[in-house]
Amino acid sequence: MADGHRPRWAHSRAPGLDPWCEHDACGVGFVARASGERSADVTRLALQALARVAHRGAAATDRSGDGAGLLTQIPLSL
């Protein structure tokens, strides 16, 4: 430990990235077109991927869920 609490590697050289603030996650998925083309298929595939992680405990016993969802870019026209 560098200062008694934080490990030596906690200070990242990458701007905006501090490993000390990182948390474990069971999984993260990204769905996009490499060309950047917008398509409803991308959203459809992302929803399919999200539905397939239900077995990983994506819903608590009280059915509150774990906050899993989709992050999308909202078009300015909306």
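For the stretch 29-39, just list the computed ³J(HN,Hα) in residue order, Karplus coefficients 6.51, -1.76 and 1.60, θ = phi - 60°, integers in Hz, with x standing in for Gly and Pro.
x, 10, 10, 7, 8, 4, 6, x, 5, 7, 7
Once you have the Cα-Cα distance between Asp41 and Leu71, take 0.36 nm times their residue separation minus that, and quote the gain in nm to one decimal.
Gain on stretching Asp41 to Leu71: 9.3 nm.
Once fully extended, how much extra length lies between Ala34 and Val53, figured as 0.36 nm per residue of separation less the alpha-carbon to alpha-carbon distance?
Extra length available between Ala34 and Val53 comes to 4.5 nm.
Bear in mind these aren't lab numbers, they're just calculated from the coordinates by the rules spelled out. A quick note: this is a predicted structure, and the numbers were derived from the prediction, not measured.
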